Structures are given as C-alpha cells and as structure tokens.
Amino acid sequence: MSSIRKQMLGRRSRGSRGSQAGFTLAEVLAAMLFMAIVIPVAMEGLRIASRAGSVAGRKGVAVQLADSKLNELIVTGQWRNTGQGGTFGEQWPGYRWAIKNELWSEGAMRLITVEVTYPAQNQEYSVRLSTLVQDTI
C-alpha cells in the first residue's frame, strides 16, 4: 500500500470518528423536547398515585371503624334506635358515623347499615357496611 493511500485512510477514519463523537443540535433539541413532555406527565402520575394511596389508607381505617361500630350497635341492642350518629372521638378526627335501620323484605329481619364519612384530599368520602338482624333480638 502506498504511503499516500495510508494517509488518506487515516484522515477519513479520523474525520468520520470526529463527526460521530457528539450530538447534533437537532438531536439535543429533540431530547430536550421529549423530556419537557415526559417529565410533567410522570410527575402528574406520581401525584395521582400518592393521592390514591392516601385515600385508600383512610378508606381502610373507615372500614375498620364501621365494622367496629356495627358490631357494637348490634351487641348492645342500640341498632333499634334509628337516626343515631356521631364521631369516633379525638383519636379519629374527621371520621363520622350514622346508622340506618330498614325493614327487610323477607321475614322478621332488619337491614342495619352504618355509614362512615371521612375527609381525604379536600373531599368527603364514605363507606357503608350492612348486615341483617332478626327483629326479635
């Protein structure tokens, strides 16, 4: 191989490596545009997931409180006094309960429903637990 040819090959390879070593302005702008679109969408997704987690946690507490209150009302016989309601004390701020007593369509049964209302993320949510009780208890 002639020395001129070797020099030309050397120049070509150095020149081609130099042009591929960095990014073009268009590639950098496209990547920045992509990040400007993706990052806010991802942050909104994280915010929604955080809110859903908070609401789900409070809902779990509300279900446990409703179950406890429903059992208490049945055991003590207070389920007969319809229209009752109240709070769960200082330990559970914002959680309120109400009882509803309805005649069941079959037999001498009553449908007892406890509704617990609670605030989460500046909105009011509620859960309802129901059971059937014999009216002769």
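Numbers at a glance
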read-out	value
The lone exception for residue 94 - which of (1) in contact with a strand residue (DSSP E or B) (Cβ under 6 Å, 6 or more places away or on another chain); (2) more than 14 Å from residue 127 (Cβ to Cβ); (3) exposed (fewer than 14 other Cβ atoms within 10 Å of the Cβ) it fails	(2)
Condition check for residue 119: at pLDDT 90 or above, over 30 Å from residue 136 (Cα atoms) and surrounded by fewer than 11 Cβ atoms within 10 Å (Cβ to Cβ)	no
Subset of the range 83-107 [among the polar types (S, T, N, Q) and farther than 11 Å from residue 65 by Cβ]	84, 101, 105
Test: residue in the range 92-99 that is outside any helix (DSSP H, G or I), over 27 Å from residue 134 (Cβ atoms) and of a type in the set (D, E, K, R)	yes
Filtered residues of the range 122-137 (kept if at pLDDT 90 or above and either on the phi > 0 side of the Ramachandran plot or of a type in the set (D, E, K, R) (or both))	124, 128
Criterion: in a helix (DSSP H, G or I) and more than 30 Å from residue 48 (Cα to Cα) - qualifying residue of 132, 73, 111	73
Per-region count, the range 114-123, residues of a type outside the set (Val, Ile, Thr), touching a residue at least 12 places away in the same chain (Cβ under 8 Å) and assigned to a strand (DSSP E or B)	4
Test: residue in the range 76-83 that is surrounded by 11 or more Cβ atoms within 10 Å (Cβ to Cβ) and at pLDDT 90 or above	no
Among the residues listed as 56, 108, the single one being more than 20 Å from residue 134 (Cβ to Cβ), modelled with pLDDT under 95, surrounded by fewer than 12 Cβ atoms within 10 Å (Cβ to Cβ) and among the small types (Gly, Ala, Ser)	56
Residue satisfying condition, being assigned to a loop (DSSP other than H, G, I, E, B) and out of contact with any strand residue (DSSP E or B) (no Cβ under 7 Å at 6 or more places or on another chain), within set 105, 68	105
Where a residue in the range 71-97 is touching a residue at least 24 places away in the same chain (Cβ under 8 Å) and its partner, wherever it lies, is aromatic (Phe, Trp, Tyr) and assigned to a helix (DSSP H, G or I), with Cβ under 7 Å and at least six apart	73/79
Which numbered condition residue 101 fails, given (1) farther than 25 Å from residue 58 by Cβ; (2) of a type in the set (S, T, N, Q); (3) surrounded by fewer than 16 Cβ atoms within 10 Å (Cβ to Cβ)	(3)
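The values are calculated or read from the model by the stated rules, or taken from the named source; none is laboratory data. Being a predicted model, the structure only gives us computed values, none of them experimental. Glycine gets a Cβ as well: all are built from the backbone with ideal geometry, and neighbour counts include every protein chain shown.
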